[in-house]
1. Hey, with R₀ at 22 Å, roughly what FRET efficiency would residue 155 and residue 73 work out to, going by the Cβ-Cβ distance, to 0.05?
2. Using only the Cα atoms of segment 98-163, what are the Rg and Dmax in Å?
3. Specify the angular offset, from 0 to 90 degrees and rounded to the nearest 10, of the alpha carbon long axis of helix 150-170 from the longest principal axis of the alpha carbons in the chain.
4. With an 8 Å cut-off on Cα pairs and a minimum separation of 6 or more residues, tell me the relative contact order of the chain in percent.
5. Can you figure out the FRET efficiency of residue 55 with residue 163, using R₀ = 35 Å and their beta-carbon distance, to the nearest 0.05?
6. Which of the three applies to segment 55-213, rounded, prolate or oblate, going by the alpha-carbon gyration tensor with a ≥ b ≥ c and a/c under 1.5 meaning rounded?
7. Under a 10 Å cutoff between Cα atoms, tell me which one of 70, 88, 15 has the largest fluctuation in the Gaussian network model of the chain.
8. Per DSSP helix of 4 or more residues, -39500 (n - 2.57); summed, then divided by the residues of the chain. What does that give at 222 nm, rounded to the nearest 500?
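The values are calculated or read from the model by the stated rules, or taken from the named source; none is laboratory data. Predicted model only: the values in this text are computed from it and were never measured. Here the Cβ is made from the backbone with ideal geometry for all residues, glycine too, and neighbour counts use every protein chain on show. Each accessible area value is taken on the protein alone, full model and side chains, heavy atoms only, with ligands, DNA and RNA left out. Shrake-Rupley method; radii C 1.70, N 1.55, O 1.52, S 1.80 Å.
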Amino acid sequence: MTEARTTTGRSVRAERTREALIRAGRKQVAEQPVDAVAIDDIVRAADVAKGSFYNHFPDKDALVRSVTGEIRAGVERAIGRANAGIDEPARRVARAICVYMRYAVDEPVRAGVLVRVHSGHVSTSAPLNQGIVEDVSAGLASGRFAIATMESAVLYILGVSQISLTRIVQEPTLALAVTLSQQLCALLLRGLGVPPSEAETLAAQASDEVVRQ
């Protein structure tokens, strides 16, 4: 019984240490370029011994991957909830962009990490881009979208998402997010081939339902 309690206590402490490192790493990466972040900075901010870092992560890149993976997975879950029961590709794309903007308002530190760390996530085969790929595929197959290639559409959507995050992180206010979501979603949908008047309507609806909520 004593051994079991000791093992449990060690597990709890280890998990707390790991969470402290992730929180510290998240904040450091949100505030400065990844290359400028040192392990010494992370352990100091986490208030743990440097040796403890290597009990959980082999190097800084592994920590950054854990931080970004957790954030991206959270955003994908939020997009899934926002688009549950919605099949129309244009609405799904607009609402997904709006999720990013609202996320930047609610979670500016996490969004700041996504602003700084985005390499390796632009491929159509990247697991976290599969939702975009599926929506674009449906839009192209149905004639809803008119754009040259799948890759160009995916990169276009990712580009708008990234620049939206960047701007909102600079000024994480709901008012700015509402305004930008209406404007950028309308431009995005028009670029994908949705008629201008309909693009404006869909963008306004998505902004009201997802960002303003």
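1. Working: r = 21 Å, r/R0 = 0.98.
Plugging the Cβ-Cβ distance into 1/(1 + (r/R0)^6) gives 0.55.
2. Cα radius of gyration and Dmax of segment 98-163 are 13.0, 38 Å respectively.
3. 60 degrees
4. Working: 234 pairs, mean separation 46.3, N = 213.
That works out to 22 percent.
5. On the way: r = 38 Å, r/R0 = 1.09.
Given R0 = 35 Å and the Cβ-Cβ separation, E is 0.35.
6. Details: a/c = 2.05, a/b = 1.38, b/c = 1.49.
Note, shape of segment 55-213 comes out oblate.
7. Among 70, 88, 15, the largest mean-square fluctuation in the Gaussian network model of the chain belongs to 15.
8. Details: 10 runs with 158 residues, N = 213.
Mean residue ellipticity, 222 nm, calculated: -24500 deg cm²/dmol.
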